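The values are calculated or read from the model by the stated rules, or taken from the named source; none is laboratory data. What you see is a predicted model, and the numbers here were worked out from it, not measured in a lab. Here Cβ is always computed from backbone atoms with ideal geometry, including for glycine, and neighbour counts include all displayed protein chains.
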Amino acid sequence: MCRLFGLYANKPVDVRFSFYETPVKSFVEQSVWNPEGWGIAWFNGEEWRIYKEPRALYSSGEAERLIEKVVRGKIIVSHVRLASAGRVRRENTHPWLYRGWVFAHNGTIHGRRRLLRLLHREYQDLEGDTDSEALFHLIIQETENMGDPIKGIRSTIKKIIDKGISFSSLNFIASDGRKLYALRYATTSLDYYTLYYLERPREKLELRKLSRETRQLILMKLLHGEKAVIVASEKISEEPYWKLIPNKHLLVIDRDLNTETIPTYPKG
């Protein structure tokens, strides 16, 4: 079990508020219960950069400096880990960067060897020994074979189900630097395996109803013309416009920050 965070903005932004300053479920607070690794990937419009440690975000001596002074991206994907499969080491820490994609997962897929057997030889070059990374490579394989990420994700889910591979959740956030994809697909604990998204800032938002910290953030974003769509396992602010991604659905965010929620496999 882990926690996920993703963001797509109209210009490079930082995530200090979501990590350290929000009065509701900050990402560093979530790392207290998910202490076995953390990582962040950011896309500046030209290339991905990635940093990760096999230790808790809240105890990292480097994290706050990095978030404060280094991480600026139009697309950002981050993860805090509670290990259910695979040792606690950097190679098993999310997110991963592979063939131009970044990926982070929340859930457990039982029977990693059966998952690996679905991979063609050229996609078996995994860094670590987690079920999550094997899922990632299967998605890339299917996406490249079918020439379309949505078809590739649907094909991945179908293959896992058809092979009878059990799992708690396939929830993930991934990006190829053009779009951001967030899948919610759980078979148990639907109140835990959630994914929400928020469009910020919202028109006609009543700022007086928000905390001082959130109100200051929104005003600063408006002043600088910043817009973003945020995706997270839990609502990380008290803003009233968080939307729950329905189970077995994929959220797609494009470069104009348009959002589309698409049923996967099987539909419903």
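Here are some notes:
- Selection status of residue 99, touching an Asp or Glu at 6+ places or on another chain (Cβ under 9 Å), on the phi > 0 side of the Ramachandran plot and at pLDDT 95 or above: yes
- For residue 26, the requirement of being more than 26 Å from residue 177 (Cβ to Cβ), polar (S, T, N, Q) and modelled with pLDDT of 95 or more is not met.
- Within the stretch 32-75, being hydroxyl-bearing (Ser, Thr, Tyr) and in a strand (DSSP E or B) holds for one residue alone: 51.
- In the stretch 1-24, the qualifying residues are those that are part of a loop (DSSP other than H, G, I, E, B) and touching a strand residue (DSSP E or B) at 6+ places or on another chain (Cβ under 8 Å), and the one that is nearest to residue 60 (Cα to Cα) is 15.
- Residue within the stretch 64-83 that is within 16 Å of the chain's Cα centre (by Cα) and surrounded by fewer than 17 Cβ atoms within 10 Å (Cβ to Cβ) present: yes
- Condition met for residue 36 (surrounded by fewer than 22 Cβ atoms within 10 Å (Cβ to Cβ) and farther than 29 Å from residue 129 by Cα): no
- From the list 59, 31, the one residue that fits, being out of contact with any strand residue (DSSP E or B) (no Cβ under 9 Å at 6 or more places or on another chain), more than 24 Å from residue 252 (Cα to Cα) and modelled with pLDDT of 95 or more, is 59.
- Number of the exception - residue 242 against (1) closer than 27 Å to residue 160 by Cβ; (2) at pLDDT 90 or above: (1)
- Hits in the stretch 127-140 - residues which are within 17 Å of residue 167 (Cα to Cα) and either touching a residue at least 40 places away in the same chain (Cβ under 8 Å) or surrounded by fewer than 15 Cβ atoms within 10 Å (Cβ to Cβ) (or both): 129, 130, 131, 132, 133, 136
- Given (1) small (Gly, Ala, Ser); (2) over 20 Å from residue 229 (Cβ atoms); (3) surrounded by 17 or more Cβ atoms within 10 Å (Cβ to Cβ), index of the condition residue 59 fails: (3)
- For residue 143, the criteria (1) surrounded by fewer than 19 Cβ atoms within 10 Å (Cβ to Cβ); (2) in contact with a Pro (Cβ under 7 Å, 6 or more places away or on another chain); (3) part of a helix (DSSP H, G or I) hold in every case but one, which is (1).
- Conditions (1) touching a Lys or Arg at 6+ places or on another chain (Cβ under 9 Å); (2) under 14 Å from residue 96 (Cα atoms); (3) surrounded by fewer than 17 Cβ atoms within 10 Å (Cβ to Cβ): number failed by residue 43: (3)
- Close pairs from the stretch 141-165: first within 17 Å of residue 131 (Cβ to Cβ), partner of a type in the set (Gly, Ala, Ser), Cβ under 6 Å, at least 6 apart: 142/152; 142/155; 165/111
- Within the set 189, 155, 175, the sole residue that is polar (S, T, N, Q), out of contact with any Pro (no Cβ under 7 Å at 6 or more places or on another chain) and crowded, with 24+ Cβ neighbours inside 10 Å turns out to be 175.
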